[in-house]
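The values are calculated or read from the model by the stated rules, or taken from the named source; none is laboratory data. All values reported here derive from a predicted model rather than from experimental measurement. Neighbour counts are summed over all protein chains in view; Cβ atoms, including those assigned to glycine, are modelled from backbone coordinates with ideal geometry.
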Amino acid sequence: MRSTLEELLNKVNIVDIVSQHVKLRKSGKDFLGLCPFHNEKTPSFTVSIEKQIYYCFGCHEGGNVINFLMKLENMTFQETLENLAHEYGVEIKKGGTKRSNSFDAMLKLADFYHHNLKDTKLAREYCARRGITSDIIDEFKIGYSDRSRLKIQTFMKNSGIPRDVLLNTGILRVKDSDVYDIFMGRLVIPIFDVNKKIIGFGGRTIEKEGFPKYINSPESPIFSKGTTLFGIDKTRKYITEKNEVFIVEGYFDFIALYTAGLKNIVSTLGTSVTETQLTRLRNYTDNITLMLDGDEAGIKSALKLIGRLSDMDINGNMVVLPDSHDPDSFIKKEGIEGLNRVINAKKPIMDYYFDYCMAKWGVETLENKNHFIKSVLPFIEDIRSGVKKRLYIKRLSELTGVEEHHFREEPRERTTEGPSGHFISSSMIERRVIGALMGKPGMLGILKEREVINYIKDAEIKEILLNMCEFFDKKGSMEVNNFINVLEKDSLRVLVTNAVFDVAGYEDNELEMVLLDYFKHVEKKSTKDELKKITERLFEAEKRGDDKEIVELLNEKKKVLAFFKTNQ
Ligand code: UTP
Ligand code: MN
């Protein structure tokens, strides 16, 4: 019987899955794109449709479709398997995991809050005042947590989720042997990940004296504020379609814009955009527009991104709303037409900053000019694209009348992309052998016959080869996307996927040559080792004057030499 895993690997096409997250283009037999796991400008992320694996030549990350999704979405093997199985209608043959329990708990909590909201007039009125209709409440599964401990106790009893799993969410807590809920008195907004699983909640107080205005559910293995993109579950497809994303900073800003029809948006959880968030968004688009309050703090946080954006080849634009409106209040006042007007006036972050500094300092006096240059220049230096940088320097020069060459610095050392160096531990040749054997697993027989494995020093290569022999004996086939599942260490999986791409251009007979040459090489080397040992023992025997031993050793040496010659 085939396992769930095998059935899935057989059914799912890795190119379909990867291209939901990475823009791929065809390149020979393979597909090529920008790696979602590290920042790069030239694509080194390769997907083989034939072998159903991926490999990044920049950051050395590789595997099958399950490994890809695990890494991308930071999920366990079991969760990824379950998600995919669900999506592809494959029956799961084994039980769940701890983490899926915690997803279950989150879902049950969301239902609980959602029903509470419907039962609570006060909370419904708050929503109505803010233009949150019952359709919106349902679409976003918004809820409310009231202050009834009895309700919480009843929920805990009836939820079907073990008490410790519920308490592990950090949302329900025990104090003086009584349970309470951190969201009491708050509207509760579920935060979904890209697979539509609830990973956390935001809670907004609806009480006059409520403080702080917002709290989030605690950070956990499935939830962290700095990496979360609120709303991405709903808007991913619009972002890809429009090839642009607008970033806002609040739940209600997201909800207001989304329901007004601007759908290619995400929201941070009130923090400024982090590098991880940028990396995630870059899987969908390279046009990012920040929609910020026009205060100095907002601009400063946008400016901090200039270097990163430019590194990642992202076009970073800014839209600033007038009169210290936030997107929510602005669209309520000016409607979608007003919003579109502002959006159409968006500018690159750097241009925005130029204007901002010009308004702040001007270039009338020498001192102001100096302030202006000092404010702008460090950010120009952060731009990595030579062309863009030169254009801004030119602009700075024109605005201040200072010649361009005063602003030019020595070209900076660029570090190479990806973590280099530490990866290549096994020799190229042994990696190539593994690649060749993946393609010609029939030759594993010769490998075993000649006991090649005994002569291999590298522990990783040895482990892979032993696993290959066992796998091939059991399955009678050697599909790499299946095989890598039996490897227990990530480094081995990476090594194997790398090896397979390494020999991708080889013809069958060339693969055979690689293997035969290698087998010969190993034998030669082992013969040499043996001869060396015999010589050492001969030396000792001669010193002792042990004639019998000397004769025996000489005979042994002859045999080894004869074997060596016939195998040349
Ligand atoms: P804002 O203070 O701008 O609130 O915080 P808002 O989104 O306009 O909220 P409303 O309209 O008054 O309801 C923006 C975001 O910052 C986070 C929340 O994610 C919020 O949506 N925040 C804000 C907190 O985490 N804690 C706070 O105390 C305040
Ligand atoms: Mn607001």
**Fill in**
Counting only residues in the range 298-328 that are crowded, with 19+ Cβ neighbours inside 10 Å and in a strand (DSSP E or B), the one nearest to ligand 1 (Cβ to nearest atom) is identified as Leu321
**Prompt:** Identify, please: which residue in the range 259-283 is over 19 Å from Asn74 (Cβ atoms) and crowded, with 20+ Cβ neighbours inside 10 Å and is, among those, nearest to ligand 1 (Cβ to nearest atom)?
**Reply:** Ser267
**Prompt:** Taking the condition basic (Lys, Arg) and under 36 Å from the mean Cα position of the chain (by Cα), does Lys388 pass?
**Reply:** yes
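Being out of contact with any strand residue (DSSP E or B) (no Cβ under 9 Å at 6 or more places or on another chain), within 16 Å of ligand 2 (Cβ to nearest atom) and either of a type outside the set (D, E, K, R) or not assigned by TED's automatic domain parsing to the domain that holds Phe354 (or both) is the requirement here; does Pro322 meet it?
Numbers: out of contact with any strand residue (DSSP E or B) (no Cβ under 9 Å at 6 or more places or on another chain): yes; within 16 Å of ligand 2 (Cβ to nearest atom): yes; either of a type outside the set (D, E, K, R) or not assigned by TED's automatic domain parsing to the domain that holds Phe354 (or both): yes.
When the stated conditions are applied, Pro322 passes them.
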**Item:** Check on Ile288, closer than 23 Å to Ile232 by Cα and part of a helix (DSSP H, G or I)
**Value:** no
**Request:** Scan (1) out of contact with any helix residue (DSSP H, G or I) (no Cβ under 8 Å at 6 or more places or on another chain); (2) surrounded by 22 or more Cβ atoms within 10 Å (Cβ to Cβ) for the single condition Leu34 breaks and write down its number.
**Result:** (1)
**Item:** Unique match (being modelled with pLDDT under 85, over 20 Å from Tyr352 (Cα atoms), surrounded by 12 or more Cβ atoms within 10 Å (Cβ to Cβ) and not small (Gly, Ala, Ser)) among Glu409, Glu417, Glu413
**Value:** Glu417
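Quick grid of which residues meet (1) aromatic (Phe, Trp, Tyr); (2) in contact with a Leu (Cβ under 9 Å, 6 or more places away or on another chain); (3) under 16 Å from Lys197 (Cα atoms); (4) surrounded by 16 or more Cβ atoms within 10 Å (Cβ to Cβ):
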site	(1), (2), (3), (4)
Asn116	no, no, no, yes
Gly131	no, no, no, no
Ile136	no, no, no, yes
Tyr144	yes, yes, no, yes
Arg149	no, no, no, no
Thr154	no, no, no, no
Ile171	no, yes, no, yes
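For Ile189, are the conditions met, namely being of a type in the set (Val, Ile, Thr) and either over 27 Å from Thr235 (Cβ atoms) or not in a loop (DSSP other than H, G, I, E, B) (or both)?
Working: of a type in the set (Val, Ile, Thr): yes; either over 27 Å from Thr235 (Cβ atoms) or not in a loop (DSSP other than H, G, I, E, B) (or both): yes.
For Ile189, the condition - of a type in the set (Val, Ile, Thr) and either over 27 Å from Thr235 (Cβ atoms) or not in a loop (DSSP other than H, G, I, E, B) (or both) - is met.
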**Request:** Pull up the range 50-59, narrow it to residues that are in contact with a Phe, Trp or Tyr (Cβ under 7 Å, 6 or more places away or on another chain) and hydrophobic (A, V, I, L, M, F, W, C), then point me to the one that is farthest from Thr497 (Cα to Cα).
**Result:** Cys59
**Message:** Step by step: first the residues of the range 200-214, then only those that are out of contact with any Leu (no Cβ under 8 Å at 6 or more places or on another chain) and within 12 Å of Leu269 (Cβ to Cβ), then the one that is nearest to ligand 2 (Cβ to nearest atom). Which residue is that?
**Reply:** Tyr214
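Regarding Asp286, is this residue away from ligand 1 (no atom under 16 Å from the Cβ), on the phi > 0 side of the Ramachandran plot and surrounded by fewer than 21 Cβ atoms within 10 Å (Cβ to Cβ)?
Working: away from ligand 1 (no atom under 16 Å from the Cβ): yes; on the phi > 0 side of the Ramachandran plot: no; surrounded by fewer than 21 Cβ atoms within 10 Å (Cβ to Cβ): yes.
In short, no.
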**Asked** In the range 222-235, how many are crowded, with 20+ Cβ neighbours inside 10 Å and either at pLDDT 95 or above or in the same structural domain as Val320 (by TED's automatic domain parsing) (or both)?
**Response** 5
**Message:** For the range 217-240, check the following and say yes or no: at least one residue is among the acidic types (Asp, Glu), over 21 Å from the mean Cα position of the chain (by Cα) and more than 13 Å from ligand 1 (Cβ to nearest atom).
**Reply:** no
**Prompt:** Does the range 28-43 contain at least one residue that is closer than 27 Å to Ile199 by Cα and aromatic (Phe, Trp, Tyr)?
**Reply:** yes
**Message:** Give all pairs with beta carbons closer than 6 Å in which a residue from the range 324-335 that is touching a residue at least 40 places away in the same chain (Cβ under 8 Å) and among the charged types (D, E, K, R) meets a residue that is near ligand 2 (Cβ under 9 Å from one of its atoms) and not in a loop (DSSP other than H, G, I, E, B); count only pairs at least 6 apart in sequence or on separate chains.
**Reply:** Asp326/Asp253; Asp328/Phe252; Asp328/Asp253; Asp328/Ala256
**Request:** Give the residues of the range 494-544 that are acidic (Asp, Glu), in contact (Cβ under 8 Å) with a residue 24 or more places away in the chain and surrounded by 13 or more Cβ atoms within 10 Å (Cβ to Cβ), sorted by residue number.
**Result:** Asp502, Glu512, Glu523, Glu530
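Within the range 329-347, restricting attention to residues that are part of a helix (DSSP H, G or I) and within 25 Å of Leu303 (Cβ to Cβ), which residue is nearest to ligand 2 (Cβ to nearest atom)?
Ser329
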**Message:** Taking the criterion of being in contact with a Pro (Cβ under 9 Å, 6 or more places away or on another chain) and buried (at least 19 other Cβ atoms within 10 Å of the Cβ), would at least one residue in the range 240-248 satisfy it?
**Reply:** yes
**Prompt:** Which numbered condition trips up Lys41, out of (1) touching a Gly at 6+ places or on another chain (Cβ under 9 Å); (2) among the charged types (D, E, K, R); (3) in contact (Cβ under 8 Å) with a residue 24 or more places away in the chain?
**Reply:** (1)
